[in-house]
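Notes to accompany the following structure.
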Amino acid sequence: MSKKDEILFIIIGNCNFMEVEIFMEKSEIVFRVAKETDTKKLASAIFSNLKNTDTLTLSCLGVPAVNQAIKSIITARSSSISNGFDIASYPHFSEVTIEGEEKTSISIVLKKEMV
């Protein structure tokens, strides 16, 4: 995967399965997070995209990718709170197909909440 192909996104919070499906349908922005993802760049992308839209999704395959996503969400939250909104996250498992093989990934739906 090239750096150009990487997409990032994350959320912290709790919700039921039905709420996650609703957020997933509304989210048009999906970032794929890899273990090499630069957390500062992802945090900046999360913050700027949530300034202009209500939801986005982070798709992580593997523990290192989830770690990068969480660090980015924490960094983005510190900027968002001082700008009048907080970031809620709704993590869930999802199935992805990579080179014809089914794999389980963790997707995090991030939702903007006005403070």
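The values are calculated or read from the model by the stated rules, or taken from the named source; none is laboratory data. Please read all numbers here as calculations on a predicted model, not as lab measurements. Positions of Cβ are generated from backbone atoms using ideal geometry, with glycine treated the same way; all protein chains shown enter the neighbour counts.
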Could you tell me whether Ser94 is surrounded by fewer than 19 Cβ atoms within 10 Å (Cβ to Cβ) and assigned to a strand (DSSP E or B)? yes
Pairing a residue in region 89-102 that is in contact (Cβ under 8 Å) with a residue 60 or more places away in the chain and closer than 26 Å to Phe47 by Cα with any residue that is of a type in the set (Phe, Trp, Tyr) and outside any strand (DSSP E or B), where Cβ atoms lie under 9 Å and the two sit 6 or more apart in sequence or on different chains, gives Tyr90/Phe23; His92/Phe17
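Whether any residue in region 52-61 is assigned to a helix (DSSP H, G or I), touching a helix residue (DSSP H, G or I) at 6+ places or on another chain (Cβ under 7 Å) and surrounded by 13 or more Cβ atoms within 10 Å (Cβ to Cβ) is what I want to check.
Let us first name the residues in region 52-61 that are assigned to a helix (DSSP H, G or I), namely 52.
Filter again for touching a helix residue (DSSP H, G or I) at 6+ places or on another chain (Cβ under 7 Å), leaving none.
Scanning region 52-61 turns up no residue that is assigned to a helix (DSSP H, G or I), touching a helix residue (DSSP H, G or I) at 6+ places or on another chain (Cβ under 7 Å) and surrounded by 13 or more Cβ atoms within 10 Å (Cβ to Cβ).
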For region 97-115, give me each residue that is surrounded by 11 or more Cβ atoms within 10 Å (Cβ to Cβ) and among the acidic types (Asp, Glu). Glu113
Working carefully through the options Ser59, Ser48, find the one that is of a type in the set (S, T, N, Q) and within 9 Å of the chain's Cα centre (by Cα). Ser59
What is the one condition in (1) out of contact with any Ser or Thr (no Cβ under 7 Å at 6 or more places or on another chain); (2) free of Cβ contacts under 8 Å to residues at least 40 places away in the same chain; (3) surrounded by fewer than 19 Cβ atoms within 10 Å (Cβ to Cβ) that Lys71 does not satisfy? (1)
Somewhere in region 41-49, is a residue crowded, with 21+ Cβ neighbours inside 10 Å, modelled with pLDDT of 90 or more and touching a strand residue (DSSP E or B) at 6+ places or on another chain (Cβ under 6 Å)? no
Of those in region 29-71 that are of a type in the set (Ser, Thr, Tyr) and touching a Lys or Arg at 6+ places or on another chain (Cβ under 8 Å), the residue nearest to Thr97 (Cα to Cα) is Ser59
